[in-house]
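Below is one structure, written out as structure tokens; comments come after it.
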Amino acid sequence: MALYTLPELPYDYSALAPVISPEIIELHHDKHHATYVRGANDTVEQLAEARDKESWGSVNGLEKNLAFHLSGHILHSIYWRNMTGPKDGGGQPTAADGLGDLADAITESFGSFAGFKAQLSRAAATTQGSGWGVLAHEPLSGRLIVEQVYDHQGNVGQGSTPVLVFDAWEHAFYLQYKNQKADFVEAMWAVVDWQDVARRYAAAKERGDSLLLRP
């Protein structure tokens, strides 16, 4: 039985237009994300076979493959839920919308929403090669941080929890935005679902550093 399954989209392919075209959503979800799910399951099976045969010559490559595919699956699963249609998304979290805790955390961590937006935009747009810009809750300090993720893994504070992710791989935007990655990142702000981000932040904050050892 497969350990990982491709989640259904919470909206139809056209829901994020004109920010993201239906064609991109369909290819991105049904092909690219599905590949990461399949890769994670295949690698788990290969590791089981290696254990059974006590054959460890390929373990380094298999562990890297598992991290790559599993992280891709997790990040994409967050990505789809982080977005909603332009009529309901965008703007910024406010107390009037019941998002005061998230709004306060952003201000405390980055000085202002504008400062946070600029940092996450630049982190996503300047990721070398393929990667992500990520807003994450860092449990030891209790603050929000921006991470620049290469491929699906690098530059991540261990134990931090992603709450908002911007996919900056070419497959996320190239059919529509060509090589203008920064334009795609800027457009993404119009479809951020702050309600979803706030729920993820609240869950991460509640968990806190209970899974980490304090120094």
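The values are calculated or read from the model by the stated rules, or taken from the named source; none is laboratory data. Small disclaimer: the values here were computed from a predicted structure and weren't measured. As a convention, Cβ positions derive from the backbone with ideal geometry for all residues, glycine included, and neighbour counts pool all protein chains shown. What goes into the accessible areas is simple: the full protein's heavy atoms, side chains included, and nothing from ligands, DNA or RNA. Shrake-Rupley method; radii C 1.70, N 1.55, O 1.52, S 1.80 Å.
For the stretch 13-34, what are the residues that are open to solvent by 50 Å² or more (accessible area, probe 1.4 Å) and in contact with a helix residue (DSSP H, G or I) (Cβ under 8 Å, 6 or more places away or on another chain)? Step through it out loud before you land on a result.
Let us first name the residues in the stretch 13-34 that are open to solvent by 50 Å² or more (accessible area, probe 1.4 Å), namely 13-14, 18, 22-23, 26-27, 30-32.
Correct list: Tyr13, Ser14, Glu23, Leu27, His32.
Among the residues of the stretch 164-171, none qualifies, meaning not one is touching a Pro at 6+ places or on another chain (Cβ under 8 Å) and buried (at least 16 other Cβ atoms within 10 Å of the Cβ).
Scan the stretch 60-108 residue by residue and report those that are open to solvent by 20 Å² or more (accessible area, probe 1.4 Å), part of a helix (DSSP H, G or I), more than 30 Å from Glu49 (Cα to Cα) and in contact (Cβ under 8 Å) with a residue 12 or more places away in the chain. Hits for the stretch 60-108 are Arg81, Asp97, Asp101, Glu108.
In the set (1) assigned to a loop (DSSP other than H, G, I, E, B); (2) more than 23 Å from Ala136 (Cα to Cα); (3) open to solvent by 30 Å² or more (accessible area, probe 1.4 Å), the condition left unmet by Pro7 is number (2).
All conditions in (1) of a type outside the set (Gly, Ala, Ser); (2) in contact with an Asp or Glu (Cβ under 9 Å, 6 or more places away or on another chain); (3) part of a strand (DSSP E or B) hold for Gln148, with the sole exception of (2).
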